[in-house]
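Let me begin by presenting the structure, written as structure tokens, before commenting on it.
Where a number appears in this text, it was derived from the coordinates with a stated rule and is not lab data. Fair warning: this is a prediction, and the values are worked out from it, not measured in the lab. Cβ placement follows ideal geometry from the backbone for every residue including glycine, while neighbour counts extend to all protein chains displayed.
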Amino acid sequence: MSKLNILRNTGILLGAMSLLYTGMTYAQEEMGTESIGKVEFQKNCGSCHGVGGKGDGPMVEFLTQKPSDLTTISKRNNGVYPQKKVYNWIRDPEGIRVHGTAEMPIWGQRYSEEIIEAYGPDYTGPGSSVRQRILELVFYIGNIQE
């Protein structure tokens, strides 16, 4: 690879990282004291898993399977919070459905559909990527571990 191509690719990468950082900073400033992950959790997970993640949300009585207590993931994993595993549970990229039944939505798919609907299939703008939204959830869930 020529030096020119390396410089060009580096410039493209730095530009993309700058846009992503700017979008994240802007989104965090708009959020105020609440984290993006907390808002995503309350919006998408709280109705089943509960505000505190204990599996006691208001929809529990309508579900056939009780939602997991998300505050004990580390405890159930010998004291280690398995970030990659939690990411894959939420994203469910291969249709593994490790979380059991189809009652639990595949948020990676849901987020992708929301972005495509709002911005079109080619949108890659800052602050709206599927990966970023899932990572914010993963970090938030990591922070509520007992």
In nm, to one decimal, how far is the modelled label at residue 76 from the one at residue 64, with both set 7 Å along Cα→Cβ? 2.0 nm
Quickly work out the residue 84-to-residue 112 label distance, labels modelled 7 Å from Cα along the C-beta direction, and quote it in nm with one decimal. 2.1 nm
Run the reach check for residue 85 against lysines, Cα to Cα strictly under 28 Å, same-chain hits fewer than 8 apart removed. What comes back? 38, 43, 54, 66, 75
